[in-house]
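J.: I have a structure here, written as structure tokens, and I will follow up with some questions on it.
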Amino acid sequence: MNTIQFNPTNTELTPDIDYCKFGPISLVVIQPTSFCNLDCDYCYLPHRQLKNRLSLDLIEPIFQRIYTSNFLGCDFTVCWHAGEPLAVPISFYESAFEIINLADKKI
Ligand code: SF4
């Protein structure tokens, strides 16, 4: 699977990447928190003891980039992952989905 990491400050395409090999977007992985209350032996995730949380201010720019991307297909899956997503309150996701729906309507 080819992946492109989102960088909200970089809107330029990198010239040395063959973009024909990418897309359509099928899976978007968003880390709502770095925190996890488990400690699996095989875990790859650093800093999982920190209770960092994704700022809701980043949700709109993330989805604006997706909705306006040349790689947007008919649909895609959002996976809240890397850290324990349920360590973040439901109200975070309610706000996030409200922002996502508004970002969709703005396009
Ligand atoms: S992030 Fe996943 S793999 Fe890592 S400790 Fe938590 S549950 Fe285990």
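The values are calculated or read from the model by the stated rules, or taken from the named source; none is laboratory data. In this text the structure is predicted, and so the values were computed from the model without any measurement. Don't worry about glycine lacking a Cβ; one is built from the backbone with ideal geometry, like all the others, and counts go over all protein chains shown.
J.: Considering the stretch 21-44 alone, what residues qualify as being among the aliphatic types (A, V, I, L, M) and either part of a helix (DSSP H, G or I) or under 16 Å from Leu86 (Cα atoms) (or both)?
T.: Val29, Ile30, Leu38
J.: Just to verify a result, which residue in the stretch 48-90, among those that are in a helix (DSSP H, G or I) and aliphatic (A, V, I, L, M), is surrounded by the fewest Cβ atoms within 10 Å (Cβ to Cβ)?
T.: Applying the filter and picking the extreme gives Ile90.
J.: Going residue by residue through the stretch 28-36, is there one that turns out to be away from the ligand (no atom under 16 Å from the Cβ) and modelled with pLDDT of 95 or more?
T.: yes
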